[in-house]
Structures are given as C-alpha cells and as structure tokens.
Amino acid sequence: MANPVKSLKAQKHELGETEFQLKVLNDTEKLGFEMPKFKSKLQAIDLYPLKPTGLEILQINVGKMCNQVCAHCHVDAGPDRKEIMTKETMELCLDALKNHTFHTVDLTGGAPEMNPNFRWFVEQIRAIDSEIKIIVRCNLTIILANPRFHDLPDFFKTHKVEVVSSLPAYTEARTDAQRGNGVFRDSIKALQMLNAVGYGQVGSGLELNLVYNPSGAFLPSGQAGLELNFKRKLKADFGIEFNQLFAITNIPISRYLDYLIVSDNYGAYMEKLLNAYNPGAAEHVMCRNTLSIGWDGFVFDCDFNQMLDLKVACGAKHLRDFDREELENRSIIVNQHCFGCTAGAGSSCGGEVAQATA
Amino acid sequence: MKTYYNPEDLKKFGNIGEFGQELADKFFSYYNEVFKAGALTEREKSLIALAVAHAVQCPYCIDAYTSDTLEKGCAEDELMEAVHVASAIRGGASLVHGVQMMNKTKELLM
Ligand code: SF4
Ligand code: SF4
C-alpha cells in the first residue's frame with residue numbers, strides 16, 4: 001500500500017469532499033455490480049430505522065492533527081490538518097459527562113495527545129468520575145515524536161487511562177506500508193515503554209489493547225487466532241505483552257476508499273463486504289450505544305458518519321443543545337459504508353461484535 | 001480472447017450443485033467441517049490449503065487461499081514458505097521415483 005505524504009484535503013483531492021465520497025459509495029457503475037442498499041438489509045431483519053439501545057460510550061474526536069499520514073486513515077488526518085477541539089468545546093463535553101451517565105469516554109483523533117489541552121481534558125474527566133473508563137486511541141509513535149511526549153505512559157498510568165493502539169502487523173514491512181516509514185520501530189519502542197510502566201502486565205490493571213486493521217484490500221478474520229499469533233510473535237521478538245487484540249475491518253471511506261479505487265480493488269472489496277454481511281453483527285453495531293463528538297462540538301452516530309459529515313438526525317446536532325432523550329430516540333443514519341461494520345463477525349472500535357455465521 | 005480459466009468463475013463454485021445438488025451439498029458440508037479449527041488452527045489449515053493449491057496448480061484455489069491466509073494474518077514470508085513446502089514435496093516426489101528408475105536400470109544392465 002503506497003503511503004500518502006499529505007491528507008486528501010491538502011491535496012485538494014475530490015475524495016476530500018464528503019459529498020463526493022457518498023456519491024462514489026452509491027455509484028453502481030463504479031462498483032461494477034448491483035449492490036443492495038444497506039438500509040434494505042436492515043429492513044429485512046426489522047432493524048430499520050436503526051435505533052440506539054442506549055447512550056453508554058462518548059467517543060470524542062479532539063482533532064484531526066496527527067504526526068502520521070496512514071494510507072488507510074478514515075479521518076484523513078495528518079500534520080497538515082489544523083482542526084482541533086478548543087477548551088470551550090471540551091467544557092461542553094465535560095458538561096455532557098457530568099449530567100449524563102456514560103460508562104466510557106473514548107478519546108480519539110488524529111493523535112489526540114497533540115491537542116494542547118489533552119492532558120487538562122483527561123484530568124477533568126477523571127475528576128468528574130474516578131471510575132469512568134477513559135480510553136485513548138494512541139498511535140504509539142507520538143510518544144517518541146517529541147521529548148514533551150516521552151512521559152505519556154506515566155501520565156496515562158496516573159489517570160488510569162486504557163491505551164488502544166493500532167499495529168497492523170508484527171512485521172516491519174507490512175506496518176510501514178500502511179502507516180509510514182519507521183512507524184514499526186517507533187511503535188515497538190513505545191510499546192516497550194508502556195510495558196515498562198506496567199501496561200499490559202498481568203495484575204497491573206493497566207490495559208493495553210492493540211488494533212489490527214488489514215493492510216490491504218481484504219477482511220480481518222478470526223480475532224482470537226490473530227491475537228494468539230500477535231502475542232506469540234511480539235513476545236518472542238521484542239518481549240512485548242498486551243491484553244487484547246481488536247480485529248477491525250477497514251471502512252471504505254476517505255483515504256482507504258482512495259486506496260481501493262487507485263489499486264483497482266474497490267468493486268471487489270465492496271463485494272467482499274456484501275458477501276460477508278452478517279445480520280447478527282448488524283444488531284450490535286457500535287452506533288447503537290455510542291455517540292461521537294467532532295472537534296467542533298457537533299454530534300454524530302459514529303466516527304465514520306462524523307468523517308462523512310452526517311450529523312445526527314435530530315434537533316440536538318451540537319453539544320450546546322445536548323438532549324439525552326432526543327438522542328436516545330433518534331434514527332441512526334446509515335449508508336453503504338455501514339457494510340464495513342457488518343462483515344463477518346462485524347467490527348467496532350472494540351473489535352469483533354458477534355459470532356461469525358459462516 | 002477465450003481462455004480456460006476466468007477469475008469470475010471462482011464465484012460460481014457454489015453453483016456447482018446446479019447439475020447435482022445432493023453430492024454438492026455433501027461436498028460443501030464436508031469442506032466446511034474440514035476447515036474448522038480442530039487439532040490444527042484455522043490459520044494452519046489455510047496455509048496447508050495454499051501449499052496444496054500450488055501442488056495441484058489450481059488457479060482458483062491459489063486466488064482463494066492467498067486471500068484467506070492474508071485474512072488470517074499470515075505474512076508474505078509465511079505464504080512463500082508454504083509454496084516452497086509444496087515445491088519441495090513435488091520435487092522430492094519426482095526425485096524419489098528416481099530410485100525406481102535406478103532399480104529398473106540395474107535390473108536391465110549387465
Ligand atoms: S490512522 Fe491514526 S495514526 Fe494514522 S493518520 Fe489516521 S489518525 Fe493518524
Ligand atoms: S458506519 Fe457508523 S452508522 Fe454505520 S453501522 Fe457502522 S457504526 Fe453504525
């Protein structure tokens with residue numbers, strides 16, 4: 001997979017526009033076959049309109065700025081992206097957390113740690129609730145990117161933050177192809193630093209989970225088998241330990257969509273997603289218990305809808321107008337990219353969601 | 001250009017029952033059972049399948065099991081080592097018959 005140097009937005013690429021992405025996803029000619037609508041798949045199992053099962057997880061995207069430019073990035077993040085959450089918007093998130101019960105706050109980006117108010121934000125969340133689960137989607141290399149980030153493992157430990165990090169392979173070539181040159185080596189060093197303060201160690205209570213996204217136009221298969229192998233290899237080669245591996249399907253939007261089209265894999269990949277459609281996974285898609293907040297305070301059904309600029313279909317489109325009841329009764333917006341969440345065992349930010357049917 | 005092999009035909013494998021459902025059903029149910037994790041993991045079975053695909057030189061199976069091994073998290077060197085195993089066995093199978101040739105030769109020569 002060729003690694004881009006700039007975001008689609010900075011390249012002024014047509015796929016940098018969300019309307020264009022949605023047009024492509026619904027373009028039968030581009031697909032080369034008649035793909036049923038995701039909506040019709042939900043209708044067939046009485047799941048349309050798709051409704052939330054509750055609000056349990058608040059996923060907050062604190063900005064698109066990142067030190068990496070990964071080829072599969074659905075955020076189109078990179079060093080050239082300047083959109084980051086302000087302290088005022090973080091205050092609105094804190095209000096939502098104070099007044100409503102979410103059991104988990106999931107901080108994502110870009111590289112969330114690059115937001116200058118990131119540490120303040122984590123401290124405030126921890127101050128509201130000493131038990132709430134705080135997750136940070138840490139890309140690992142940020143820990144080594146600059147001396148001011150070297151103490152992040154200690155900071156995470158102090159505030160009992162669960163670390164979730166992408167590592168597409170336990171080999172250098174495969175990882176660097178997806179995430180950029182030198183990423184594998186820095187990721188390994190960062191994992192060793194996290195291990196050194198107790199992360200991923202039995203009995204420490206400090207969770208270190210890895211995310212596996214296929215580095216190419218294929219689906220992940222068998223989370224348990226992948227986890228076993230990652231554990232064996234990382235331990236043997238680098239002495240690294242971690243808790244769980246989440247196998248996640250690449251969603252065909254943004255830079256991954258660009259990769260699929262450029263590599264002439266688009267139609268075949270969508271067909272793979274369709275053939276692997278699993279109604280059991282559809283019932284457990286993460287948008288049913290998660291709300292996603294954008295860097296500017298707008299509210300979305302999930303991080304993918306956020307990147308397609310599909311704001312929630314109800315009055316409470318911004319955190320300023322947060323209305324739990326309205327949000328719990330909204331209909332979730334679905335489109336063709338949702339097939340990525342329902343393929344095989346299904347995937348969410350926490351990996352597999354259901355028992356595979358085939 | 002007409003060729004004997006068409007990548008699109010792989011997708012039609014499931015339709016093989018059109019000319020005889022009962023045996024096709026029996027084959028696919030056996031096939032699916034074989035590839036479930038047992039004493040061997042699904043990953044190991046997939047690598048074996050990739051090697052056998054090369055031994056029997058089936059382009060459909062090479063296509064299918066290249067994807068399948070990647071999906072199961074195998075790395076490029078693992079795929080290539082599986083192909084070398086197939087190659088070694090195929091080569092060895094030819095070579096070991098050289099013993100028969102030698103036997104026969106010794107029988108015939110003075
Ligand atoms: S995938 Fe993560 S680490 Fe890579 S560019 Fe996107 S936000 Fe940054
Ligand atoms: S893409 Fe978002 S809205 Fe669609 S099924 Fe997945 S989580 Fe739900």
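The values are calculated or read from the model by the stated rules, or taken from the named source; none is laboratory data. The shown structure was predicted, so the numbers you read here are calculated from the model rather than taken from an experiment. Cβ coordinates were reconstructed from backbone atoms using ideal geometry, including for glycine residues, and neighbour counts include every protein chain displayed. With ligands, DNA and RNA removed, areas are computed over all heavy atoms of the protein, side chains included. Shrake-Rupley method; radii C 1.70, N 1.55, O 1.52, S 1.80 Å.
Annotations for the structure displayed:
- Pair list, Cβ under 7 Å, 6 or more apart: segment A:158-174 residue away from chain B (no Cβ under 14 Å), other residue basic (K, R) and part of a helix (DSSP H, G or I): A:H159/A:R126
- Meeting the requirement of 3 or more residues that are open to solvent by 30 Å² or more (accessible area, probe 1.4 Å), away from ligand 2 (no atom under 15 Å from the Cβ) and within 14 Å of another protein chain (Cβ to nearest Cβ), the helices (runs of 4 or more DSSP H) wholly within segment A:197-297 are A:223-238, A:266-275.
Per-residue answers, yes or no, for (1) in contact (Cβ under 8 Å) with a residue 60 or more places away in the chain; (2) closer than 13 Å to A:H159 by Cα; (3) open to solvent by 40 Å² or more (accessible area, probe 1.4 Å):
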| residue | (1), (2), (3) |
| --- | --- |
| A:L94 | no, no, no |
| A:H100 | yes, no, yes |
| A:D106 | yes, no, no |
| A:G110 | no, no, no |
| A:N115 | no, no, no |
| A:R126 | no, yes, no |
| A:E131 | no, yes, yes |
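Residues checked against (1) part of a loop (DSSP other than H, G, I, E, B); (2) away from ligand 1 (no atom under 16 Å from the Cβ); (3) more than 14 Å from chain B (Cβ to nearest Cβ):
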residue	(1), (2), (3)
A:D309	yes, yes, yes
A:L327	no, yes, yes
A:I333	yes, yes, yes
A:A345	yes, yes, no
A:A354	yes, yes, yes
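- Some residue of segment B:9-28 being touching a residue at least 40 places away in the same chain (Cβ under 8 Å) and either on the phi > 0 side of the Ramachandran plot or away from every other protein chain (no Cβ under 14 Å) (or both): yes
- Residues located in segment B:44-77, provided they are buried (at least 17 other Cβ atoms within 10 Å of the Cβ), among the charged types (D, E, K, R) and out of contact with any Leu (no Cβ under 6 Å at 6 or more places or on another chain): B:K45, B:D68, B:K72
- Residues of segment A:149-196 satisfying the condition of being within 22 Å of A:T104 (Cβ to Cβ) and either touching a Lys or Arg at 6+ places or on another chain (Cβ under 8 Å) or open to solvent by 10 Å² or more (accessible area, probe 1.4 Å) (or both): A:F155, A:K157, A:T158, A:H159, A:K160, A:E162, A:V164, A:S165, A:S166
- Flag for A:V105 being assigned to a strand (DSSP E or B), of a type outside the set (F, W, Y) and away from ligand 1 (no atom under 16 Å from the Cβ): yes
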